[in-house]
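Engineer: The following block contains the structure, expressed as structure tokens.
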Amino acid sequence: MYPHDQPLAGRNLKQDAFFEELLVAGAFYEEIQAYERPGWFTPQGHAPVPSYDWYGAYGSVRRKDKRYESLLKGDHTFKFSKHHHVIGAECLACREQVVIFNMSYFSKLYLSGPQAQEAANWLFTANTNGPINETVYSCLLNEQGGIEGDVLVTAIKSGCGTQADPIIKGRGFYLVSGGASASQTWAHINCEIDRKGFNVALDNLTDKIGLLAIQGPKSQELLENLTNLDLSNEQFPYRSAMIVNIAGHTVRAIRTSFVGELGWELHIPWQSCIPVYTAIWEQGVNFGLRQAGYRALYSLSCEKGIRLWNSDMRISDNPFEAGLGSLLRPYGEYLGKNAIERVKENGIKKRLAFFTIKEQVPFWGSEPIFRNDEIVGFLRRGEYGYALGRSIGQGYIQDPDGQYITPEFLNNGSYQVEVMGKKYEASMTLLSPFDPENKRILGIYDEPLPARQ
């Protein structure tokens, strides 16, 4: 019923290598697709998800441990959560210091074989023909040009044989996508491989590789101390990867960010997860390292304007509508290109935009968007942007008359967002108002956060 409610039954089915460590650290776990992932971290001590007691029915004994249920009740509201400020502290620590996210729930696939490059060219809209260790962000499309998924694609070569650096023949690709879309991504890629008859292998190592993201202004210093490497823009550019050694363990580091900060994702063989995690924390105390969960991750990503599949983009949306036209390479064939060429010629009838309001009112998604007092769409996703100091939502704008969308139509209207029956004046932008020049991912921190001004 409530946006952040959690089930009490069917829990603790899938746990990653960091589960117990994070539970002791105060992780309040959320369940999604049977996975347990840290939603946020409570300062009140750990609150494990108890075994289901059937509310005392069927001869079951009601459990006495109510810690998890008690904290969960803080989210039983359509106003700001009782944990709003705790989650906000995690977000601001990411923007101003350094945090660690456990993103092991994300999908991790290897594409290899004699026709790996041909398959990648067909599947992905971005250029995957770059040098080994180059990482690109790409869409997966269907024949109608709709977005079937989004994937971070890293070109790899044969490695030392660990799960994070496998032995392969020739050129291959390491594919990372969001956990919520993992099954969708796996199924779509497999179907196309079978349909086209590519001579490749697609291996799913999601449950064999841990993923820790170190994000924030101090992430470079922390990781340089751990790896004894120069991680500057010149030596380790944004959207590139490198095999590094942390505490004697082989790790694939990818410089990327789901939150719009200077940061790296560390892809760790399962047996190495705890030693690497321990080493990060031993070094992290010198830099104010803090735990952060998915509630903060989603808030930060929405604030930065990073798309979330099945919310901000779906099978019924094309890249131009979603503001992702830059991910479409102009040459070569790929799945959906014919439809994309028609869209380029004809135009689009909806466009993703960002909306903020001054009032301290939460967005949840599905709120109506008004332009000049006419409904033109609904928010797909809503979060509170702690660095902006206001709620931010993403939604598609359409012309009520069904006409093609023009810049004049988008920019010349007066916008409102309706929340719980009340309309609020809203600012509309096509880029997120937070760091639109993308300075922070390059380590350029020359402006204070808007909420601090």
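A short reminder: the numbers here are calculations on the coordinates, not readings from a lab. It should be emphasised that the depicted structure is a prediction, and the values quoted were computed from it without experimental measurement. Because the Cβ atoms are built from the backbone with ideal geometry, glycine has one as well, and the counts that use them run over all protein chains shown.
Engineer: Rounded to the nearest Å, what's the spacing between the alpha carbon centres of region 21-74 and region 366-409? Just the number, please.
Structural biologist: 36 Å
Engineer: So if R0 is 22 Å, what FRET efficiency would SER414 and GLU359 give, r being the distance between their Cβ atoms, rounded to the nearest 0.05?
Structural biologist: Taking R0 as 22 Å, the efficiency between SER414 and GLU359 is 0.85.
Engineer: How big is D, in µm² s⁻¹, for region 107-297 by Stokes-Einstein at 4 °C and 1.567 mPa s if Rh is the Kirkwood radius over C-alpha pairs?
Structural biologist: It diffuses with D of about 75 µm²/s by this estimate.
Engineer: Non-local amide H neighbours of GLU148 (under 5 Å, H modeled in plane, Pro and chain starts lacking H): which ones?
Structural biologist: Close amide H contacts, sequence-distant or interchain: LEU140, LEU141, ASN142.
Engineer: Next up: Have a look at VAL61, THR125, CYS273 and report the one farthest towards the positive end of the charge dipole of the chain, computed about the Cα centre with Cβ charges (Lys/Arg +1, Asp/Glu -1).
Structural biologist: VAL61
Engineer: Which of the chymotrypsin sites (Phe, Trp or Tyr not before Pro) found in region 290-335 are in a DSSP loop and have at most 13 neighbouring Cβ atoms, other than their own, within 10 Å? Don't skip to the end; give the middle numbers.
Structural biologist: Values: sites: TYR294, TYR298, TRP309, PHE320, TYR331, TYR334; in loops: PHE320, TYR331, TYR334.
Qualifying residues, ordered by number: TYR331.
Engineer: If the cut-off is 14 Å between C-alpha atoms, which aspartates and glutamates fall inside it for LYS349, apart from same-chain ones fewer than 8 positions away?
Structural biologist: ASP317, GLU321, ASP399, ASP401, GLU408
Engineer: How large is ³J(HN,Hα), in whole Hz, for each residue of region 389-404 in order, when computed from phi with the Karplus curve 6.51 cos²θ - 1.76 cosθ + 1.60 and θ = phi - 60°, using x for Gly and Pro?
Structural biologist: Running phi through 6.51 cos²θ - 1.76 cosθ + 1.60 with θ = phi - 60° gives x, 7, 6, 9, x, 10, x, 9, 9, 10, 6, x, 8, x, 7, 5 Hz.
Engineer: Let me ask something additional. If you place +1 on the Cβ of every Lys and Arg, -1 on the Cβ of every Asp and Glu, and leave all else neutral, what size is the dipole of region 107-297 about its Cα centre, to the nearest 20 Debye?
Structural biologist: 180 debye
Engineer: Compare the Cα positions of SER158, HIS249, LEU8 along the charge dipole of the chain (+1 at Cβ of Lys, Arg; -1 at Cβ of Asp, Glu; about the Cα centre) and return the one farthest towards the positive end.
Structural biologist: In the chain, that residue is LEU8.
Engineer: In addition: Compute the semi-axes of the equivalent ellipsoid of region 217-262, taking the square root of 5 times each eigenvalue of the Cα gyration tensor, and list them largest first in whole Å. Numbers along the way, then the final one.
Structural biologist: Details: eigenvalues 57, 28, 22 Å².
That gives 17, 12, 11 Å for the three semi-axes.
Engineer: Moving on to the next point. Among ASP75, ASP373, ASP203, ASP312, what is the fewest-to-most ranking by other Cβ atoms within 10 Å?
Structural biologist: ASP373, ASP203, ASP75, ASP312
Engineer: Tell me, what is the percent relative contact order of the chain, built from C-alpha pairs under 8 Å that lie six or more residues apart?
Structural biologist: Reported as a whole number, the value is 16 percent.
Engineer: Okay, moving on. Taking the beta-carbon count within 10 Å as an exposure proxy, list MET1, MET420, MET313, MET428 from fewest neighbours to most.
Structural biologist: Going from sparsest to densest Cβ surroundings: MET1, MET420, MET428, MET313.
Engineer: Also, I was wondering about something else. Quick one: of LYS14/LYS337; LYS64/LYS208; LYS157/LYS196; LYS79/LYS304, which pairs are farther than 26 Å apart, Cα to Cα?
Structural biologist: LYS14/LYS337; LYS64/LYS208
Engineer: May I pose another question? Under the Karplus relation 6.51 cos²θ - 1.76 cosθ + 1.60, θ = phi - 60°, what is the ordered set of whole-Hz ³J(HN,Hα) values for region 275-289, x standing for Gly and Pro?
Structural biologist: x, 5, 4, 4, 5, 4, 5, 4, 7, x, 4, 6, 10, x, 4
Engineer: Okay, next question. Given charges of +1 on the Cβ of Lys and Arg and -1 on the Cβ of Asp and Glu, with all other atoms neutral, how large is the dipole of the chain about its Cα centre, in debye to the nearest 20?
Structural biologist: Roughly 580 debye, rounded to the nearest 20.
Engineer: Using 0.36 nm per residue of separation minus the Cα-Cα distance, give me the extension gain between ILE243 and TRP281 in nm, one decimal.
Structural biologist: Net length gain for the segment: 11.7 nm.
Engineer: A follow-up question, please. Report the calculated FRET efficiency for LEU13 and LYS208 (r = Cβ-Cβ distance, R0 = 22 Å), to the nearest 0.05.
Structural biologist: 0.80
Engineer: Can I ask one more? Grab the Cα-Cα distance for HIS76 and ASN228, subtract it from 0.36 nm times how many residues apart they are, and report the gain in nm with one decimal.
Structural biologist: Taking 0.36 nm per residue and subtracting the Cα distance, the gain is 50.1 nm.
Engineer: Continuing with this model, one more query. Eigenvalues of the Cα gyration tensor times 5, then square-rooted: what semi-axes does that give for region 301-344, in whole angstrom, largest first?
Structural biologist: They are 22, 11, 8 Å, listed from largest to smallest.
Engineer: Now for a different question. What chymotrypsin sites (Phe, Trp or Tyr not before Pro) in region 1-71 are in a loop by DSSP, with at most 10 other Cβ atoms within 10 Å of the Cβ?
Structural biologist: Filter output for region 1-71: TYR58.
Engineer: Give me the percent of DSSP beta bridges within region 221-361 that run antiparallel, rounded to the nearest 5. It would help to have the intermediate numbers written out before the result.
Structural biologist: Working: 9 of 10 bridges.
If we restrict to bridges inside region 221-361, about 90 percent are antiparallel.
Engineer: While we're on this one: On alpha-carbon atoms, Rg over Rh for region 251-329 using Kirkwood Rh? Intermediate values should be presented prior to the final figure.
Structural biologist: Working: Rg = 16.4 Å, Rh = 15.2 Å.
Dividing the radius of gyration by the Kirkwood radius yields 1.07.
Engineer: Compactness ratio of region 1-135: Cα Rg over 2.2 N^0.38 Å, N = residue count?
Structural biologist: Numbers: Rg = 20.2 Å, N = 135, 2.2 N^0.38 = 14.2 Å.
Against the compact-globule rule of thumb, the ratio is 1.42.
Engineer: Of all GluC sites (Glu not before Pro) in region 416-452, which ones are in loop regions per DSSP and have a Cβ with at most 14 other Cβ atoms within 10 Å?
Structural biologist: Sites meeting the loop and neighbour criteria: GLU437.
Engineer: Could you bin all the Cα-Cα distances of the chain into 10 Å bins starting at 0 and give me the percent of pairs in each, rounded to whole numbers?
Structural biologist: 4, 20, 29, 28, 15, 4, 0
Engineer: Right, something else. Can you run phi through the Karplus equation (6.51, -1.76, 1.60; θ = phi - 60°) for region 318-335 and list ³J(HN,Hα) in whole Hz, with x for Gly and Pro?
Structural biologist: 9, x, 5, 5, 7, x, 10, x, 5, 8, 9, 6, x, 10, x, 8, 8, 4
Engineer: Could you work out the helix-only [θ] at 222 nm for the chain, with each DSSP H run of four or more residues adding -39,500 (n - 2.57) and the total divided by the number of residues, to the nearest 500 deg cm²/dmol?
Structural biologist: -6000 deg cm²/dmol
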